[in-house]
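Shown next, in structure tokens, is the structure this report addresses.
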Amino acid sequence: MSARQPMDPTNFEPLGHSAERERLEQTWSTPPGIYGWLTTVDHKLIGKRFIVTAFFFFLAGGILAMLMRLQLAQPDNRLLGPDLYNQIFTMHGTTMMFLFAVPIMEAMGVYLVPLMVGTRNIAFPRLNAFSYWIYLFGGLMLYSAFLLNIGPDVGWFSYVPLAGPEYGTGKRADFWAQTITFTEVSALAVAVEIITTVFKQRAVGMSLGRVPLLAWAMVVMSFMIIFAMPGVILASTTLIMDRLVGTHFFNPAEGGDALLWQHLFWFFGHPEVYIIFIPALGMMSSIIATFSRRPVFGHAVMVSALVATGVIGFMLWVHHMFATMVPNAGKMFFTVASMLIALPTALQVYCWIATLWTGRPVFKTPLLFVLAFFFILVLGGLTGLMLASISLDTQVHDTFFVVAHLHYVLIGGAVFPLFGAFYYWFPKITGRLLNETAGRWNFWLFFIGFNLAFFPMHQLGLEGMPRRVYTYPEAMGWGGLNLLATIGAGLIAASVLVFIGNVLWCRRRGALVGNNPWSAGTLEWATTSPPPDYNFHPVPVVAGPEPLWERATGLPVVAGLSDTTREVLVTTLIEAKPDHREELPGPSLWPLISALALAALFVGSIFTPWAVVWGSIPVAAALIGWFWPKKRETEEEVAEEVPP
Amino acid sequence: MSAEPVIDVSRLPTYAFGKQSLMWWGTLGIMAIEGTVFVLAAFAYFYIRGNVGSWPPGGLKPPDLLYGTINTGVLLASLWPNWWTDRAAKARDLHRIRIGLPVCLAFAAAFLVFRGFEFAALNIRWDTNAYGSAVWTLLGLHTVHLATDAVDTAVLAVLMFTGPLEGKRYADVSDNAFYWYFVVLIWIPLYGVIYLAPRLN
């Protein structure tokens, strides 16, 4: 199949209509100054803020990882004591999973999905603002506790009875549980927004078969959030109740069961891995298509594989519990499912290889990160297949072999594509290109450092080094490989510093490269880079999955949307035919006020159950204030109303 | 300038009911989340049950049937005013909405009063044993949903009398009924778990 010529998207952004554009600007703009900063509902501003915040947590989690590596660099090291080490590995895992990985994937969705489907804002934009604030407050609460030396210290999956009232004294485990509550609320809100945006706000003509693979990936991620997060909602709530009001869910002396915790946690925890991994697969598809100069081979197969991964992802949780007394017949089922999930991933890998093979690959930094995915994820996937075997899993359970495996999967499967995505969409967000030479340094330091840091851990695990020990005696002979791992971690840190320098330099001084520097085919590139407040004018109509590659001249467009209210076009679920217009809400302080009220309730409930009762009053008041319509706005809408 | 308008949407309606509208999908998403919480809470209940020989454990009495059963009747009966108000909303009949919403609210209030008696008739405290914890959690979760929707209905009812009103608010009334159906339907299996499961040994 031959490559297609990209169209010039500037054709699509007509220069005329300046009066109309000015009105749109006025309608969709965020108020200036600090008030605007606190009230904005623009998915691009919130998305950027989400990305930057999640990246800060990535740095915090990375510093904690570096501290652990320094501690383990030599035997009998006394840099960190056991208590601090416990807090640090707990904080590292909790930060990376709950404050970095899931939020940054959602954040990419918040920024990109409305642009990719061709609409002017995300569905429920105030809920979107709210979800950012609640996420921010949760992260700040966790780090405040850590800095006060009362950070959680029971591991990122907080197993009972260690985390229960008997052994987990003080408030440490409660801070962990409430951090989870904050991020759940945020993640669930974003999931509902993304599904609604993709289902109902697509550009006219973007039937389900033409939805870009990244948008599909975000939808599958959102469905997984909706069905997985309730597991950890229930787990963290019952844990806090056991600790605070004397329930006995996890207390065997009164008929409770510690394994119930593991079931509830991993019913969420395993899908969580795919919640992180699936958006990365979507990013892979975007980057591979653009840099191969052709659409991804087997679009329908790719979508089915994403959905299959999402479904099978819910049938694996017990493989985290092979070392418990779950019945063997049950374990066998989970072994089979754990192997089965390799199939849809393999299908996607083959489709990508076919795409690269038949395209004309351009080896720029984003593609390098994507190619590293193949190498690292395949290694992580292979150790995953090994761990699916009950006997092998029992042998290496809770050793560094598992640490190596999970980092190969999560960093190879999600962080490498994510960095590729940063390079790929940076020009969309800023209008400027990241430096290519720095990009290559960033990539090679990361790739070499990553393998140096984590490959030796396989061997350490097989030699019996348990995870979560703050030190080890010299006689074990683990010193050399640990030192190697620490050197690798240092290279990763250097690579991240190169990335930060690259971003800081290029956001002001990077090369200006126009609206579509990669000649990509999907709709987010059909507007200016960075996009205007209203995203598109006029709003596009599409006739294929890569609209910018399919027409030599400009896209057909929609006319007749209001330019004085924040109106978006709502389309039908399957075929994306025009259905009706709906006005989205504008900037408001209520999401912030509601988030503050809810944060007070959550933090208060660490200390007293009455916080839930009294705290619900300001929450209800804030939500009513949020909902209550304003007279002037209502009158404006009534004036333009067309009933169904 | 090659971009030419091809589709004029200026005559399309500015709001819609049911699955056409954005809010309906948001509501459906909330139901999917909360439905999953209920399923997992019921799973926890039966998981704990699997650990003991008799149920309820230790010769405890199962919850009394009276108030739970009355309440189930109240809930099922409340479907009718909600459906009636839903239809009024879709017909944009403000007069009937102003009758329907207060009636729905009265049902919710009656339900919450009986719910208080239900808690008292569970014959167990939440901190007695794991069975008590599970029963209180199931009933508590459902009560939180009811209370939330009752407040929601009250706010909408006030708005329907005071304004400011626009067409979109009719869709809100309809979605409010939609959520109420969910709260009622989820109760039927919960009634089975809380009241009937301890009687089937």
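The values are calculated or read from the model by the stated rules, or taken from the named source; none is laboratory data. Quantities reported herein were computed from a predicted structural model and do not represent experimental measurements. Cβ placement follows ideal geometry from the backbone for every residue including glycine, while neighbour counts extend to all protein chains displayed.
Summary table below
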quantity	calculated
Residue among A:GLY501, A:GLY464, A:GLY449 that is outside any helix (DSSP H, G or I) and of a type in the set (Gly, Ala, Ser)	A:GLY464
Pick from segment A:203-250, criterion buried (at least 24 other Cβ atoms within 10 Å of the Cβ) and touching a strand residue (DSSP E or B) at 6+ places or on another chain (Cβ under 7 Å), ranking: farthest from the other protein chains (Cβ to nearest Cβ)	A:ALA203
Residues that are over 13 Å from A:THR247 (Cβ atoms), of a type in the set (S, T, N, Q) and within 17 Å of the chain's Cα centre (by Cα), drawn from segment B:107-166	B:THR143, B:THR148, B:THR153
Failed criterion for B:ALA157 (all others in (1) within 12 Å of chain A (Cβ to nearest Cβ); (2) in contact with a Pro (Cβ under 8 Å, 6 or more places away or on another chain); (3) in a helix (DSSP H, G or I) hold)	(1)
Criterion (surrounded by fewer than 20 Cβ atoms within 10 Å (Cβ to Cβ), outside any loop (DSSP other than H, G, I, E, B), touching a residue at least 60 places away in the same chain (Cβ under 8 Å) and of a type outside the set (Ser, Thr, Tyr)) met by exactly one of B:ARG98, B:ARG92	B:ARG98
Of all residues in segment A:156-202 being within 14 Å of another protein chain (Cβ to nearest Cβ) and either over 19 Å from the mean Cα position of the chain (by Cα) or assigned to a loop (DSSP other than H, G, I, E, B) (or both), the one that is nearest to A:SER222 (Cα to Cα)	A:PHE199
Residues that are among the hydroxyl-bearing types (Ser, Thr, Tyr) and without any contact (Cβ under 8 Å) to a residue 24 or more places away in the chain, drawn from segment B:147-179	B:THR148, B:THR162
Filter result (exposed (fewer than 14 other Cβ atoms within 10 Å of the Cβ), touching a residue at least 60 places away in the same chain (Cβ under 8 Å) and within 27 Å of A:TYR159 (Cβ to Cβ)) within segment A:469-481	A:PRO473, A:MET476
Among the candidates B:ALA109, B:ALA171, B:ALA130, B:ALA134, residue that is surrounded by fewer than 21 Cβ atoms within 10 Å (Cβ to Cβ), of a type outside the set (Val, Ile, Thr) and either touching a helix residue (DSSP H, G or I) at 6+ places or on another chain (Cβ under 8 Å) or modelled with pLDDT of 95 or more (or both)	B:ALA109
Filter result for the condition that a residue is surrounded by fewer than 22 Cβ atoms within 10 Å (Cβ to Cβ), hydrophobic (A, V, I, L, M, F, W, C) and in contact with a Pro (Cβ under 9 Å, 6 or more places away or on another chain), over A:LEU406, A:LEU433	A:LEU433
Residue satisfying condition, being over 30 Å from B:GLY18 (Cα atoms) and over 26 Å from the mean Cα position of the chain (by Cα), within set A:THR528, A:THR608	A:THR608
Qualifying position, being among the aliphatic types (A, V, I, L, M), touching a Ser or Thr at 6+ places or on another chain (Cβ under 9 Å) and surrounded by fewer than 20 Cβ atoms within 10 Å (Cβ to Cβ), among A:LEU347, A:LEU340	A:LEU347
Residue in segment A:125-148 that is of a type in the set (S, T, N, Q), crowded, with 24+ Cβ neighbours inside 10 Å and in contact with a strand residue (DSSP E or B) (Cβ under 8 Å, 6 or more places away or on another chain) present	no
Among the residues listed as A:THR27, A:THR119, the single one being within 27 Å of A:ALA189 (Cα to Cα) and not in a helix (DSSP H, G or I)	A:THR119
Residue that is surrounded by the fewest Cβ atoms within 10 Å (Cβ to Cβ), among those in segment B:7-42 that are of a type in the set (Gly, Ala, Ser) and either in contact with a helix residue (DSSP H, G or I) (Cβ under 6 Å, 6 or more places away or on another chain) or under 16 Å from B:TYR181 (Cα atoms) (or both)	B:GLY18
Given (1) β-branched (Val, Ile, Thr); (2) farther than 24 Å from A:ALA622 by Cα; (3) buried (at least 21 other Cβ atoms within 10 Å of the Cβ), index of the condition B:THR153 fails	(2)
All positions within segment A:512-539 that are away from chain B (no Cβ under 11 Å) and among the aliphatic types (A, V, I, L, M)	A:LEU512, A:VAL513, A:ALA520, A:LEU523
Those residues of segment B:160-201 which are within 11 Å of chain A (Cβ to nearest Cβ), outside any helix (DSSP H, G or I) and among the hydrophobic types (A, V, I, L, M, F, W, C), in sequence order	B:LEU165
Selection count, segment A:256-274, where residues are surrounded by fewer than 23 Cβ atoms within 10 Å (Cβ to Cβ) and not in a helix (DSSP H, G or I)	1
Helices (runs of 4 or more DSSP H) wholly inside segment A:362-438 that include at least 2 residues being more than 22 Å from A:ILE448 (Cα to Cα)	A:365-387, A:390-396, A:416-430
Candidates A:THR399, A:THR430 - the one that is in contact with a strand residue (DSSP E or B) (Cβ under 6 Å, 6 or more places away or on another chain), over 26 Å from A:LEU306 (Cβ atoms) and touching a residue at least 24 places away in the same chain (Cβ under 8 Å)	A:THR399
Only listed residue being part of a helix (DSSP H, G or I), aromatic (Phe, Trp, Tyr) and more than 9 Å from chain A (Cβ to nearest Cβ), chosen from B:TRP83, B:TRP55	B:TRP83
Flag for A:PRO531 being in contact with a helix residue (DSSP H, G or I) (Cβ under 9 Å, 6 or more places away or on another chain), assigned to a loop (DSSP other than H, G, I, E, B) and modelled with pLDDT of 95 or more	yes
Residue within segment A:485-492 that is farther than 22 Å from A:TRP156 by Cα, within 26 Å of the chain's Cα centre (by Cα) and touching a residue at least 60 places away in the same chain (Cβ under 8 Å) present	yes
Candidate set from segment B:21-33 (those that are in a helix (DSSP H, G or I) and within 8 Å of chain A (Cβ to nearest Cβ)); member that is farthest from the chain's Cα centre (by Cα)	B:LEU22
